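A short worksheet on the structure shown next.
The values are calculated or read from the model by the stated rules, or taken from the named source; none is laboratory data. As the structure is a prediction and not an experimental result, all values here were calculated from the model. Neighbour counts are summed over all protein chains in view; Cβ atoms, including those assigned to glycine, are modelled from backbone coordinates with ideal geometry.
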Amino acid sequence: MEIFANHAHLWPEGTYQGIKGGLGNLLRIMDKCGISKAVVFAPLDGELGDSGDRKRNEWLLNEIKEHRDRLVPFANIAVTHPLAHQEAQWAAESGFKGIKLHPSASKFNILDERATGFYEEAQKQKLILDFHTGVHCDNRIKDFHPLNFDELSYMFPNLTMIFEHVGGFCFFYDMLAVLQNGKKPGGENKLYAGLTSILSRNRQKEWYLGTEKIGELIWQLGVDQLIYGLDFPWNQEEHIMQDFAIFDRMDISADDREKIFGGNLRKLLFSGK
């Protein structure tokens, strides 16, 4: 099985909390874990200093330019900035496939009217929006409550979104409701569940779901909306291999595993949808 994983944060070595988030470490871990390709995110606010969106995104493109056969770039954009729509257009024209958004860490309300132009442009450019979901960073819950994504999906019906951590421990069923409600009978998927950092009960309790909740996702949704994510560098080689071992013990067919570990992501990014 060729693994194509989502959700790898990237920044220069040693520039953020002393964590090894650099390119060399990512490629080493990918090789060790048998991962052929990965989606990489531009640094979020503060991870590359006060550099601004464009510089963070340009840094990522330059950093991975010799590895574009293995690494697919997602930008980072401040969605409420007056020029956010222009940045989204630039990102699409520059080769980014999507945009990583973290409402809690970046302190914005996902339904802020100032973000309307950004969402419109992202939808127009067919950029995938990859959202962190779940409690994080002592932010106001009303700004990122998962049920608001249902409203966002209603307002922008052709906007493709991945919901990382599937709402986490606190909001799993709210996020499941959004994913269920967003299913288009006979149509293509627009909403996806990001299976990222959800299997470590002790290390990541805020987002822990465990195998039982994954089973419920498959029971309710099937597997076509499920995408595995690394959460590098927060997860290193041993954590990723633990994830793989847990999935190996689950009653999931080989075909369904292939979809979760790359098939769905590959189709989403490269089918032209």
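Here are a few things to note about the model shown:
- Flag: Val166 does not match the condition of being free of Cβ contacts under 8 Å to residues at least 60 places away in the same chain, in contact with an Asp or Glu (Cβ under 8 Å, 6 or more places away or on another chain), buried (at least 18 other Cβ atoms within 10 Å of the Cβ) and of a type in the set (Val, Ile, Thr).
- The criterion of at least 1 residues that are in contact (Cβ under 8 Å) with a residue 60 or more places away in the chain and surrounded by 17 or more Cβ atoms within 10 Å (Cβ to Cβ) is met, among helices (runs of 4 or more DSSP H) falling completely within segment 97-145, by 103-106.
- Only a single item in (1) crowded, with 18+ Cβ neighbours inside 10 Å; (2) within 28 Å of Arg266 (Cβ to Cβ) is not met by Leu27, and it is number (1).
- Subset of segment 105-145 (residues that are β-branched (Val, Ile, Thr) and either at positive phi or touching a Pro at 6+ places or on another chain (Cβ under 8 Å) (or both)): Ile110, Thr133
- Of all residues in segment 22-56, those being polar (S, T, N, Q) and at pLDDT below 95 number 2.
- Within segment 56-77, the set of residues being under 19 Å from Ile162 (Cβ atoms) and either without any contact (Cβ under 8 Å) to a residue 24 or more places away in the chain or assigned to a loop (DSSP other than H, G, I, E, B) (or both) comprises Asn76, Ile77.
- Residue ID - farthest from Glu87 (Cα to Cα), chosen from residues in segment 146-169 that are assigned to a loop (DSSP other than H, G, I, E, B) and not hydroxyl-bearing (Ser, Thr, Tyr): Pro146
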